[in-house]
Structures are given as structure tokens and as C-alpha cells.
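In what follows, a single structure is set out as C-alpha cells and then discussed.
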Amino acid sequence: MSKKIASIRGMNDILPEQSALWQWLESRVKNVLASYGYQEIRMPVVEHTELFKRSIGEVTDIVEKEMYTFDDRNGDSLTLRPEGTASCVRACEQHGLLFNQVQRLWYLGPMFRHERPQAGRYRQFHQIGVETFGMDGPDIDAEVILLTARLWRELGLSGRVRLELNSLGSSEDRARYRDALVVYLSAHEDRLDEDSKRRLARNPLRVLDAKDAGTREVLKDAPLLTEYLSDDAREHFEGLRAILDRAGVEYQINPALVRGLDYYGKTVFEWITDDLGAQGTVCAGGRYDGLVEQLGGRSTPAVGFAMGIERLILLLEQQMPELPTPADIYVVSVAENGAEKITALMLAESLRDTLAGIRVQCHCGGGGLKAQMKKADRSGARFTLILGEDEIAAKTVSVKDMRGIIEQQQVAQAALADWLAAHFVSGEVNG
Ligand code: ATP
Ligand code: MG
């Protein structure tokens, strides 16, 4: 036998037993997004490297350490997308979706970052992202946060996530703050880690995300961005808080919340859980009014967020919701002779023709009645249809209620679809 090839570290298969939960989650998210009138956009997973360097920022963890970048056969530098915002802005600009109009968009798909794999942190992971364009008031900031709060209710996660909120001010506010921060950090430079020393020179605000304990100690007494907010930024933030207060959304203001990407300004927020250790942020976002212009478009206000699906799945697995099984009806045939098998397959086909929305699985691959009934049980089907010699001769099927509520009975094949429809619709059976 030749050597087996395994998947790449940090890039996981999602197996059938897990995909039911993914589908459950995705369908709930899609319903909530639709209820706010958001539309889907799908972007490629590969883009020009330049797009991410210019948007996320050269001196960030993502661009410095985490991107999957390679030269293609033409020698162009390409990158597997580490996040969706830059691609979304690129796509909207390229197709003229931003000029004189507002957009409320969402996307779902894989993202790639070369990080150290651990629970809740992978090299291929999935995000559901939302991006809105053309709206500059705190109303839309509030809307995207209310949308996420509704989502936690739909997923049964409300009690397990908390909201942290901050304002990063305007770019002028950040420039004034940057000066003050540089003065402070320079005075303590000898206590900073190497990365932070380098960042102090190139992108001092990024020192605020440092994980190093010594650097964090220095940061405790650093000036706060909040003290440098202009009136406009302050009013925007107060406007957002007034809406959230009125809507009863609880939050904590965290002046240290800065986010790891350079394009954010004014509102930033994170939804955090205490149930996943260090990988506690399940959803993160904010306002990025400067990004469209930075990528060559006209100045366009924008707000968005992204949530990590794997982290939400980990939370949901701890409180498993009731998941759909693959079948409502399972068809077995007792003898493996040709006529019975064909009848079984044809019967399943005709049920699919007539019973819209009802899932029919027909046993394939042989085996005795007992083994087949075990499969029927595992399929989650409410009814198993049994075709034996007697049934074939009499043109009937034996219908077995897998929950044992309705007594096993013979039903004429010609009347079967009506019988099943009546039982599924009557509410006696909830498929
Ligand atoms: P972290 O601080 O955990 O590294 P981040 O700030 O890098 O997160 P964002 O770029 O804001 O994350 O991405 C939004 C969300 O995507 C995160 O809150 C998280 O839920 C998820 N996410 C980010 N990186 C990963 C990863 N490597 N594996 C799984 N999920 C991730
Ligand atoms: Mg990260």
C-alpha cells in the first residue's frame, strides 16, 4: 500500500456528523441577515498581495507573520485572503457598488492565516462577515450590533457572550494620540519586547495589541486614546451608546480595545465569551471610514464585523441544539433479489416526486433485515417502509413507525403517498 496523504496542519475537514451543526448555524445566521435586508456577496479566495498590505496595514500581525503569500506562474504576488473586508471593498469599488448608494452586504467563507493551531485557532477558518457602506451616523453602527445581539438570541448564546465597545476617534484624533503614546513609550523603551520596539518606530498604535507581559505592564499607565477624542467622535460614540441603552443591549467600554487591523476608526467592538479560553473573541468589527479611499475609491463611510464560525461551533457543541437527521422515510427490502430492490428504488423515487420537502433514503448495499433496520434507526427516519415478498405480491408495503406511536400496518403502494402526506401534515408526526 502506498503512503497516505493527510490534510495540512490547521486546515480541517468538516465531517458529515459535524456539518449538520454548521448548516443549522448558517441557516439561522442567513435568516437573521435576511430579516435586516442584507444581501450576499461572494468574492474569490485569492487576491493580489498588495490589497491586504494596503488595507490591513504593513505593520500588523496578519501582514507581517500570518499571510499565505506566493508567486503565481506569471510571477504576480498573490495571497490567500486572511479576512474578507479588503476583498469586499475591492469588489464593490471594481463594480461600482459604492457610488451614491448604500450597501448592506454579507459573505461567508474560508480565510487563511499561518498561526499556531490550537482549539479555536486554525490556519483555514471560516468567517461570516458583514460590511455596510455609505452610512456615516451611529444608527448603522447600532444596527449591526443589534443584528449580532439578535443572532446570539437565535443561536441560544445570549447568556454566554458579552459586548465590549470603544471609540478609536477620527484619524486626526489618532494622530494626536499617537504623538502622546510615542512620547510615553519612548521613555520606557528598554522594557518593551523586540516587536514592540520596532513597532514604536513604524506603527506605534500596534504596540497596544502586544501580548508580551513586560510590554503589557508598561501599557497599564500609557495615555488612553479615549482622552484624545474630538467632539465629533465623542458625539458619534454617545449616539451609538444611546441607541444600545434604549435597545437594552448591555456593553462594557474597554479603552484598551484597539483591534489588530489598521483600517478601523471611531466605533470598534468585540463579542467575547469566557468559555473558550484565550480564543474568546467570537465576533469583532467596527467602523472603517478611511478604507475605501485608501484603496483608491472615493471617501465612503463603512461599518462591518466578522465572526469566527469555528468558535461559535465550539460554543454550540457545549449545548448541542436538536439537529436534523438525514431522513424522514427509510425504505428497506428484505430479500436482495433484483425485483424487490428495483421496486424499493422506484417506490422511493415516486415518493420524492409527490412528497415535496420530505427526505427519503432507500437502503443500498445489501445486508439482512436486522442490519437494515439498524440503519433505518440511525437515519432518524420517522417511518420505515418494508418491502418483503408478501408485500411485493400484494402491491403493499409494511409501514413501521420508528417512534412506535402508530401501529405497524400494510398500506397499498398506490395509496402510500397519500397516507404518508396525511400523517406528516396532520401534526401527529413532526418530520
Ligand atoms: P484573535 O485576536 O483571536 O487572533 P483577530 O483580532 O485576529 O482575533 P479578526 O481578524 O478580527 O480576529 O477576525 C474576526 C474573528 O474571526 C475573530 O474574532 C475570531 O472569531 C475569528 N478568527 C480570527 N482568526 C482566527 C483563526 N486563526 N482561527 C479561527 N478563528 C479565527
Ligand atoms: Mg489574530
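Selection of the stretch 341-382 for residues being at positive phi and touching an Asp or Glu at 6+ places or on another chain (Cβ under 6 Å) yields only Gly366.
Residues in the stretch 94-110 that are surrounded by fewer than 18 Cβ atoms within 10 Å (Cβ to Cβ) and under 17 Å from Gly296 (Cβ atoms): Gln94, His95, Gly96, Leu97, Phe99. Only one of Asp328, Asp275 is farther than 28 Å from Ser87 by Cα and either within 16 Å of ligand 1 (Cβ to nearest atom) or touching a Pro at 6+ places or on another chain (Cβ under 7 Å) (or both). Can you tell me which? Result: Asp275 is the single residue among Asp328, Asp275 that is farther than 28 Å from Ser87 by Cα and either within 16 Å of ligand 1 (Cβ to nearest atom) or touching a Pro at 6+ places or on another chain (Cβ under 7 Å) (or both). Here the condition is being surrounded by fewer than 20 Cβ atoms within 10 Å (Cβ to Cβ) and at negative phi; of Arg241, Arg287, Arg206, it holds for Arg241 alone. Look at the stretch 289-309: where a residue is under 30 Å from Arg162 (Cβ atoms) and within 16 Å of ligand 2 (Cβ to nearest atom) and a partner is in a loop (DSSP other than H, G, I, E, B) and among the polar types (S, T, N, Q), sitting 6+ places away or on another chain with Cβ atoms under 9 Å, you get Gly308/Gln279. Of the numbered conditions (1) modelled with pLDDT of 95 or more; (2) closer than 22 Å to Thr300 by Cβ; (3) within 16 Å of ligand 1 (Cβ to nearest atom), Ser55 satisfies every one except a single condition; which is it? Condition (1) is where Ser55 drops out. Please name all residue pairs, on different chains or six or more residues apart, with Cβ atoms under 8 Å, provided the first residue is in the stretch 70-95 and is in contact (Cβ under 8 Å) with a residue 40 or more places away in the chain and under 14 Å from Gln294 (Cα atoms) and the second residue is within 16 Å of ligand 2 (Cβ to nearest atom) and part of a helix (DSSP H, G or I). Close Cβ pairs (under 8 Å, with a partner that is within 16 Å of ligand 2 (Cβ to nearest atom) and part of a helix (DSSP H, G or I)) amount to Thr85/Ser55; Ala86/Phe52; Ala86/Ser55; Ala86/Ile56; Val89/Ser55. Counting only residues that are among the aliphatic types (A, V, I, L, M), closer than 23 Å to Pro82 by Cα and in a loop (DSSP other than H, G, I, E, B), the stretch 14-71 holds 6 of them. Pick out the one residue from Glu235, Glu217 that is outside the structural domain of Ala86 (by TED's automatic domain parsing) and surrounded by fewer than 20 Cβ atoms within 10 Å (Cβ to Cβ). Within the list Glu235, Glu217, the selection yields Glu217. For first residues located in the stretch 44-62 and assigned by TED's automatic domain parsing to the domain that holds Val258 and surrounded by fewer than 17 Cβ atoms within 10 Å (Cβ to Cβ), partners that are of a type in the set (Asp, Glu) and outside any loop (DSSP other than H, G, I, E, B) and lie 6+ apart or on another chain with Cβ distances below 8 Å form the pairs Glu58/Glu64.
Here Ala327, Ala335, Ala339, Ala344 are screened, and the one residue that is in contact with a Lys or Arg (Cβ under 7 Å, 6 or more places away or on another chain) and modelled with pLDDT under 95 is Ala327. Being more than 14 Å from the chain's Cα centre (by Cα) and more than 9 Å from Gly10 (Cα to Cα) is the filter; apply it to the stretch 113-124 and report the residue that is farthest from ligand 1 (Cβ to nearest atom). Once the filter is applied, the top-ranked residue is Ala119.
The values are calculated or read from the model by the stated rules, or taken from the named source; none is laboratory data. Because the structure is a prediction, the values reported are computed rather than measured. Cβ atoms come from the backbone with ideal geometry, glycine included; neighbour counts cover every protein chain shown.
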